[in-house]
Ligand SMILES: Cc1ncc(C[n+]2csc(CCOP(=O)(O)OP(=O)(O)O)c2C)c(N)n1
Ligand SMILES: [Mg+2]
């Protein structure tokens, strides 16, 4: 057993899957000898060479389109966007080409697009966004956002093996902060299955990625006040594991949805709608959300922190909800 | 202004080294006539409102057939909306479809891999009508699909509506060849209008940097919907862009089958030899409007329109067949009639086929696996189906 950080787990997944299947290859900017902006592919170029760890020019749309072409003839491309924010330059390829192919003519598109995302680093409006809702809205894409090294490893491996396009959101703030002892072996996390990260009776939190950790901290705080909070780590946003979500809500009768992305038309809105539809008779309070204000992410760290949905805001929201 | 300059005849072609093989000429003639007959049939239906819209490929046949004929089994093609000729060339074994027109030795080894040409034609016709028997079984229109069947030697990736988007995909098909260490080439098509898209630049730049075995054919028919060349780009010829990407480039007279085929052969040889990509700009006559009956044809000045009609590449090709003793008038008539009959039958059969089952609308968006299973588990009340 060795202590593995979140970014180590991603590197391990890439390495193991490249060893296992010669069709798997990596594409991205500065990912070869340099190992990528966050060193996710460090060491893989030396082992697998320039045709399996491909440095592309500074491009997103064309790289995603090229990955689609390769996938259509049997390859399993794993693309790295240098920052999730830049995926907007490849939006058309993802939503119109990649996502629609299987429905249109039943050609599987095994492809993973890795998105290093999220704020907390004072990186400003163009290096801090949480774009999951852009993709969850598009039929044909699987959208995942692991919160732990164990799931970062297991979900990336599962994503690479699945015959469908997977948008894989990896939170930059967690890269070196989250550590876990991980056993050797082929560790997979099923796609499309949420995980009960903390059991509780009084309120359910639905969250993922960085805010999952903030939610756990808030739950701990509420426990001291005698409120038992259940925290669900969605892990996969689309397709959604309704079974786990609805079971928890029907048990606690109260729901708080927490995400880092901006609130309006964020994925939390979808969760709220589904819970309202399917758990109406069980609810004892409003379905509440804690999320980012409808603003770009400001550069100054104090300004950014004032908008991030961290543990204090979650704690306050939980207290209010618990009173219903 | 610049428009006048560019509507002059295209610059002279590179010297054409060899007279084209008579077997290639026979095949090309039949395939071009097949493509033309298809357009004639669908244009007629569009005129009487039996189909909503038709984008004619009349004038493009020499380029689509002349380039696609230079490919071998499992080279790949990526097509857009006026590339029926390339699709037919890739899919069909003409010697089985019209045996009366071919001689012993005309069938290629690839033909032996290809499935029944009749069944592929039927599927194609059903596809265009959005019927059950089409490649997408009703969920997408005309040439918006792909057919990747390595066992048939066919790797065809069709278009999405967003023009330009398929150029990087074609580059990716070429990248896979590079990774596999084979010598297969990829042929992509694009209209001159869509060369203004960012994906054109990104894909050709990648092709240059990685020396991808890609041939991008620009079908320059001088208009994009209503937009003339002078409002589309400011360079002299689109092939002038090739050196900017570090790839080969040629501008070819798309009226001249031999020139197109020879240029494509040169490009394929470069691709197979690992020398990288080629941008082939083919100058085509605008013989039709953008879509039948949409008013765009009337925008072309009448004198220019008439000049294009006189430049019909298929008529020129047939004249050259006669001139060079490859065919006589009777043979031309026979090929034309047989092609017309084949298309007529395929269309009639397709019109008798059934509409798709309504369940096609809600068919899976995910290929079978964990994700598809998770998608199916979601409640239909909240997923809308
Ligand atoms: C990205 C995109 N923008 C706009 C359109 C609408 N559109 C369809 S065909 C067309 C003109 C295409 O011109 P060109 O590329 O020259 O091909 P041609 O039709 O002349 O063969 C346009 C503008 C489109 N399909 N895709
Ligand atoms: Mg055009």
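The values are calculated or read from the model by the stated rules, or taken from the named source; none is laboratory data. Please read all numbers here as calculations on a predicted model, not as lab measurements. Ideal geometry is used to build each Cβ from the backbone, glycine not excepted, and the neighbour counts take in all protein chains shown.
Observations
- Test: residue in the stretch A:75-82 that is farther than 19 Å from residue A:162 by Cα, at pLDDT 95 or above and in the same structural domain as residue A:158 (by TED's automatic domain parsing): yes
- Residue selected from the stretch A:71-82 under the condition free of Cβ contacts under 8 Å to residues at least 60 places away in the same chain and under 17 Å from the mean Cα position of the chain (by Cα), by the criterion farthest from residue B:362 (Cα to Cα): A:82
- Counted residues, the stretch B:83-117 - those being within 16 Å of ligand 1 (Cβ to nearest atom) and in contact with a strand residue (DSSP E or B) (Cβ under 6 Å, 6 or more places away or on another chain): 2
- Members of the stretch B:146-186 found to be away from ligand 1 (no atom under 16 Å from the Cβ) and at the interface with chain A (Cβ under 7 Å from one of its Cβ atoms), listed by number: B:146, B:148, B:155, B:157, B:171, B:172, B:173, B:175, B:176, B:178, B:179
- Of the helices (runs of 4 or more DSSP H) lying entirely inside the stretch B:1-100, those containing at least 2 residues that are away from ligand 2 (no atom under 16 Å from the Cβ) and modelled with pLDDT under 95 span B:2-6, B:22-47.
Residue by residue, here is whether (1) assigned to a helix (DSSP H, G or I); (2) out of contact with any strand residue (DSSP E or B) (no Cβ under 6 Å at 6 or more places or on another chain); (3) at pLDDT 95 or above holds:
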position	(1), (2), (3)
A:155	yes, no, yes
A:184	no, yes, yes
A:189	no, yes, yes
A:201	no, yes, yes
A:221	yes, yes, yes
A:227	no, yes, yes
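- Residues in the stretch A:66-88 that are assigned to a helix (DSSP H, G or I) and either facing another protein chain (nearest Cβ under 10 Å) or crowded, with 22+ Cβ neighbours inside 10 Å (or both): A:66, A:67, A:68, A:69, A:70, A:71, A:72, A:84, A:87.
- Selection status of residue B:318, surrounded by 20 or more Cβ atoms within 10 Å (Cβ to Cβ), away from ligand 1 (no atom under 16 Å from the Cβ) and in contact (Cβ under 8 Å) with a residue 60 or more places away in the chain: yes
- Qualifying residues in the stretch A:289-302 (those that are under 21 Å from the mean Cα position of the chain (by Cα) and outside any loop (DSSP other than H, G, I, E, B)) - the one farthest from residue A:242 (Cα to Cα): A:292
- Count of the stretch B:135-145 residues, restricted to those that are in contact (Cβ under 8 Å) with a residue 12 or more places away in the chain and either facing chain A (nearest Cβ under 8 Å) or more than 16 Å from ligand 1 (Cβ to nearest atom) (or both), is 6.
- The residues of the stretch B:179-193 that are away from ligand 2 (no atom under 16 Å from the Cβ) and in contact with a helix residue (DSSP H, G or I) (Cβ under 7 Å, 6 or more places away or on another chain), listed by number, are B:183, B:184, B:185, B:186, B:187.
- Of the residues in the stretch B:354-374, not one is away from chain A (no Cβ under 14 Å), surrounded by 14 or more Cβ atoms within 10 Å (Cβ to Cβ) and more than 30 Å from residue B:206 (Cβ to Cβ).
- Residue among A:104, A:114 that alone is buried (at least 20 other Cβ atoms within 10 Å of the Cβ), over 20 Å from the mean Cα position of the chain (by Cα), over 23 Å from residue B:197 (Cα atoms) and assigned by TED's automatic domain parsing to the domain that holds residue A:63: A:104
- From A:291, A:219, A:269, A:261, residue being surrounded by fewer than 21 Cβ atoms within 10 Å (Cβ to Cβ) and not assigned by TED's automatic domain parsing to the domain that holds residue A:99: A:269
- Some residue of the stretch B:235-246 being free of Cβ contacts under 8 Å to residues at least 12 places away in the same chain and within 16 Å of ligand 1 (Cβ to nearest atom): yes
- Just one of the listed residues (A:121, A:63) is assigned to a loop (DSSP other than H, G, I, E, B) and either within 14 Å of another protein chain (Cβ to nearest Cβ) or surrounded by fewer than 24 Cβ atoms within 10 Å (Cβ to Cβ) (or both), and it is A:121.
- Some residue of the stretch B:334-352 being in a helix (DSSP H, G or I) and either within 14 Å of chain A (Cβ to nearest Cβ) or over 26 Å from the mean Cα position of the chain (by Cα) (or both): no
- In the stretch A:89-101, the count of residues that are outside any helix (DSSP H, G or I), within 14 Å of another protein chain (Cβ to nearest Cβ), closer than 28 Å to residue B:200 by Cα and in contact with a strand residue (DSSP E or B) (Cβ under 7 Å, 6 or more places away or on another chain) is one or more.
- Single residue of the stretch B:196-243 satisfying the filter (within 14 Å of chain A (Cβ to nearest Cβ) and within 15 Å of ligand 2 (Cβ to nearest atom)) that is surrounded by the fewest Cβ atoms within 10 Å (Cβ to Cβ): B:197
- Odd one out for residue A:54 among (1) in a strand (DSSP E or B); (2) within 11 Å of chain B (Cβ to nearest Cβ); (3) within 19 Å of the chain's Cα centre (by Cα): (3)
- When each of A:43, A:35, A:49 is tested for being without any contact (Cβ under 8 Å) to a residue 24 or more places away in the chain, more than 22 Å from residue A:162 (Cα to Cα), surrounded by fewer than 24 Cβ atoms within 10 Å (Cβ to Cβ) and more than 11 Å from chain B (Cβ to nearest Cβ), the lone residue that passes is A:35.
- Neighbours by Cβ (under 7 Å, 6+ apart or cross-chain): first from the stretch A:285-296, closer than 14 Å to residue A:252 by Cα; second surrounded by fewer than 16 Cβ atoms within 10 Å (Cβ to Cβ): A:285/A:324; A:287/A:276
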